[in-house]
Amino acid sequence: MPPYSPASMNGPISEKLFEAAKKLIPGGVNSPVRAFRNVEGDPFFVRRAKGCRIEDVDGRSLIDYVCTWGPAILGHAPTVITNTVHQVAKEGLSFGIPNPSEVEIAKIIVEWVPSVEKVRMVNSGTEATMSAIRLARGFTGRDKIVKFEGHYHGHVDSLLVAAGSGALTHGEPDSAGIPRSFAAETIAVPFNLPERIEEVFTKFGHEIAAIILEPYPANAGFILPQPGYLELLRALTTRHGALLIFDEVMTGFRLAKGGVQELTGITPDLTAMGKVIGGGLPVGAFGGRADIMDQLAPDGPVYQAGTLSGNPLAMAAGLAQLKELEKQNGYQRLEAIGQRFEKGLRGIISEKGLPYRLNRVGSMWCLYFGDSEIINVDSVQKGDFEAFKRFFWASLEKGVYLAPSPYETGFLSLAHSDRDIDDTLEIFAECLG
Ligand SMILES: *Cc1c(COP(=O)(O)O)cnc(C)c1O
């Protein structure tokens, strides 16, 4: 079994920068998972990223399976996007008044995403989910939101609740600074257990504004819904006059043009989007049924706004990414890349007689260091996290960068060539087991 040797692996420039960062930025990072706490090490600093590789400030080059947590679906810094951004920037960085690219991106989203008849652009996935649940509450006149344990929807107050086991107890906040009374409006349920969600609707059905979920949960590893489960959520919400909100910030524009709703044929009322849609710039969006979206200001009573929403640079980057995906037949190609990767990794696992489980759809995957069936966050927590940590550090040492946490999904991009995949698999074969 390879040794694991955390922070010592970073070069001197990264080490110095992290020391400085810790004095100036809480925890030295602007988003907590970047701090490498789940692998008990320190982060390295990146100087540049191109294609499937990132290069750190000490000159180390790594094959990247994080892809900036999903957005870099064409690979890092694709020329189509960087050229577009350069061009558009010369015309102005922000107008604060409508610009044509907002109409163009809205048209593509409405065409591609089955549930979306109208859409509004925001600046992050968090803003998208926050706005979607406000809209659901405004539209239904109800307060309670149902979410699933281990599903991440950004750092929105009433969604930072996982609530332990009791489906019928009200949520406790996961973070300091969230009033208990906000969290009390959130009911957190374990995913993939039909009787638990049925129980919640039997008891609170008339008070529930919406269910929000990641239809393919990708923030507790990568989990798939059991057959019939999404259909059940659709039926329950319809029967009780609640809305169904798909958080496709991760899966939207990554698994298919229309995300999980296209793959499964289940149509939510509202959808939150982000990540891939911004081409690497800060973009989110939420959309859905026109009668619901029309409740937003200025037409309706639900207030939502943004100084930089629909920003011309961000819209141009997103448009360039989406058009390039279409032009390159991106989703079919990503599936082929995913198949090659999966076949190789499964081969290694079975050759070594490891009990590990691999989930993959298209360009998203997660290797679980355990042998229990993965249906929700409880099953993820049964994994061997020490084995994950050894694998993470051993792979990094040999030039492969994986997300620094066993709760994250891995991403492939169109820039991962057959050669890159084969090199990675060779490294995995040395680092696993
Ligand atoms: C990343 C993510 C968010 C939050 O998006 P940010 O842009 O980080 O605010 C919300 N939902 C899901 C499913 C995500 O993966």
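Only the coordinates and a few stated rules stand behind these numbers; no lab work does. Since the model is a prediction, treat every value here as computed from it, not as a measurement. Neighbour counts are summed over all protein chains in view; Cβ atoms, including those assigned to glycine, are modelled from backbone coordinates with ideal geometry.
Could you list which residues have their amide H under 5 Å from that of Arg47, counting only those 5 or more apart in sequence or on another chain, with H placed in the peptide plane?
The answer is Glu55, Asp56, Val57.
Please compute, over every Cα-Cα pair in the chain, the percentage with a separation greater than 42 angstrom.
Numbers: 11285 of 93528 pairs.
When all Cα pairs of the chain are counted, 12 percent exceed 42 Å.
If contacts are Cα pairs under 8 angstrom and at least 6 residues apart, what is the relative contact order of the chain in percent?
Details: 872 pairs, mean separation 96.6, N = 433.
Computed value for the chain: 22 percent relative contact order.
Where does the stretch 94-136 land on Rg(C-alpha)/(2.2 N^0.38 Å)? Don't skip to the end; give the middle numbers.
On the way: Rg = 11.6 Å, N = 43, 2.2 N^0.38 = 9.2 Å.
The reported ratio for this selection is 1.26.
Please get the size of the charge dipole for the chain, origin at its Cα centre, with Cβ charges of +1 on Lys and Arg and -1 on Asp and Glu, quoted in debye to the nearest 20. Write out the running numbers ahead of the final one.
Numbers: 42 positive and 51 negative charges, 105 e Å.
Computed about the Cα centre, the dipole is about 500 debye.
Check which residues have an amide H placed less than 5 Å from Ile187's amide H, if you skip close sequence neighbours.
When sequence neighbours closer than 5 places are left aside, the close amide H contacts are Ile145, Val146, Lys147.
Filter the trypsin sites (Lys or Arg not before Pro) in the stretch 22-117 down to the DSSP loop ones having no more than 12 other Cβ atoms within 10 Å, then list what survives. Don't skip to the answer; put the middle values down first.
Working: sites: Lys22, Lys23, Arg34, Arg37, Arg47, Arg48, Lys50, Arg53, Arg60, Lys90, Lys107; in loops: Arg60, Lys90.
The qualifying sites are Lys90.
Whole number please: convex hull volume per residue, Cα atoms of the stretch 79-327, in Å³. Display every interim value, and only then the final one.
Values: hull volume 30.9 nm³, N = 249.
Output value, Cα hull per residue: 124 Å³.
Holding the Cα-Cα limit at 29 Å, pick out from Lys147/Lys275; Lys90/Lys327; Lys22/Lys389; Lys343/Lys398; Lys22/Lys382; Lys23/Lys389 the pairs that are longer than that. Write down the numbers at each step before the final one.
Numbers: Lys147/Lys275 21 Å; Lys90/Lys327 26 Å; Lys22/Lys389 23 Å; Lys343/Lys398 21 Å; Lys22/Lys382 32 Å; Lys23/Lys389 27 Å.
In this structure, Lys22/Lys382 lie more than 29 Å apart at Cα.
Which net charge results for the neighbourhood of Thr271, defined as the other residues with beta-carbon distances under 9 angstrom from its beta-carbon, given Lys and Arg at +1 and Asp and Glu at -1? Could you put the intermediate results ahead of the total?
Details: positive: none; negative: Asp247, Glu248, Asp269.
Taking every other residue near Thr271 into account, the sum is -3.
Cut-off is 10 Å between beta-carbons; in what order do Glu149, Glu207 appear when sorted fewest neighbours first? Intermediate values should be presented prior to the final figure.
Values: Glu149 21, Glu207 14.
Sorted ascending by nearby Cβ count, the order is Glu207, Glu149.
For the stretch 79-327, give the share of DSSP beta bridges that are antiparallel, in percent and rounded to the nearest 5; count only bridges with both residues there. If you can, show how the numbers build up before the last one.
On the way: 10 of 26 bridges.
Percentage antiparallel, nearest 5: 40.
What net charge do the residues around Met121 carry, taking every other residue with its C-beta under 13 Å from that of Met121, with Lys and Arg at +1 and Asp and Glu at -1? Could you put the intermediate results ahead of the total?
Numbers: positive: Lys107, Lys118, Arg120; negative: Glu102, Glu104, Glu127.
Around Met121, the surrounding residues sum to 0.
Could you please state, rounded to a whole Å, how far the C-alpha centre of the stretch 58-136 is from the C-alpha centre of the stretch 372-402?
Here the answer is 30 Å between Cα centres.
Give the share of C-alpha pairs in each 5 angstrom bin for the stretch 240-318, from 0 to the last occupied bin, in whole percents, shortest bins first.
Taking every Cα pair in the stretch 240-318, the percentages come to 3, 14, 21, 22, 20, 14, 4, 1, 0.
Using just the helices of the chain, give the 222 nm mean residue ellipticity in deg cm²/dmol: DSSP H runs with n ≥ 4 each add -39,500 (n - 2.57), and the total is spread over all residues, rounded to 500. Could the numbers behind the result be given before it?
Details: 14 runs with 159 residues, N = 433.
Result for the chain, helices only: -11000 deg cm²/dmol.
Could you give each residue of the stretch 244-258 its phi-based ³J(HN,Hα) in whole Hz, using Karplus coefficients 6.51, -1.76, 1.60 with θ = phi - 60°, and x for Gly or Pro?
10, 10, 8, 8, 9, 4, 8, 7, x, 6, 10, 8, 6, 3, x
Test of understanding: ordering Cys52, Cys67, Cys366 by Cβ neighbours within 10 Å, fewest first, what list do you get? Could the numbers behind the result be given before it?
On the way: Cys52 24, Cys67 28, Cys366 21.
Placing the least packed residue first, the sequence is Cys366, Cys52, Cys67.
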